[in-house]
Amino acid sequence: MIAIVEIRTKDPLMSAVYALRHDVFVVEQGVPEELEVDEDDEVATHLAALSNDHVIGTLRIVRHGLIAKIGRMAISASWRKEGIGRKLMELAADVASRRGAEQIILAAQLTACGFYKRLGYTEEGAVFDDAGIPHVTMRRTLQL
Ligand SMILES: CC(C)(COP(=O)(O)OP(=O)(O)OC[C@H]1O[C@@H](n2cnc3c(N)ncnc32)[C@H](O)[C@@H]1OP(=O)(O)O)[C@@H](O)C(=O)NCCC(=O)NCCS
């Protein structure tokens, strides 16, 4: 049974969230460690997917006026392709919508574009580099 909880930066679960992000982005993908945690973590709402109290998935939501930005989407390698990423993204859209956001934007790694497209996001603009990984902006308009 997978549970998803909404937490803020001071929550005790955040150390497990950061550990998962470190495994996925720094160890697996080679993102420089000093870029992985940033000032947005202080103001973000974080979602954590839990299996037996163990954090196996996460993302964060940062509000910029009527736009919510989703980032740091990571599922533990052994839990991928089981629908957990989709569940996190759907809950993130609900959270953003309840808080008054009209659109969601995100910077998608090119290898993850297909995942976001299935969830209703559309690519826009040119491909850009972030932490050595090619990304593209993707956007979804929320139902009002
Ligand atoms: C990308 C990622 C978040 C997907 O999470 P996940 O839990 O494996 O995805 P889900 O099982 O919920 O997949 C939902 C749908 O997207 C598809 N999908 C999953 N990963 C995909 C990918 N990389 N490309 C295209 N489609 C993908 C699934 O097949 C599924 O399709 P379906 O609804 O037709 O069955 C996960 O692979 C991950 O954490 N990767 C490493 C970190 C990363 O790249 N994060 C994204 C940064 S922008």
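Stokes-Einstein diffusion for the chain, with the hydrodynamic radius set to the Kirkwood value over Cα pairs and evaluated at 20 °C in a medium of 1.002 mPa s, equals 140 µm²/s. Within segment 85-139, report the trypsin sites (Lys or Arg not before Pro) that DSSP leaves as loop and that have at most 12 other Cβ atoms within 10 Å. Here the sparse-neighbourhood loop sites are ARG99.
Would you mind classifying segment 1-67 by shape? Square roots of the alpha carbon gyration tensor eigenvalues, ordered a ≥ b ≥ c; an a/c under 1.5 is rounded, otherwise it is prolate if a/b is larger than b/c and oblate if not. Cα axes put segment 1-67 in the oblate bin. Restricting segment 1-90 to GluC sites (Glu not before Pro) that sit in a DSSP loop and have at most 14 other Cβ atoms within 10 Å of their own Cβ leaves GLU39, GLU82.
Coordinate-derived values only; no laboratory data. Worth saying up front: this structure is predicted, and the values here are computed from it rather than measured. Reconstructed Cβ throughout: ideal geometry from the backbone, glycine too, with neighbour counts over all protein chains shown.
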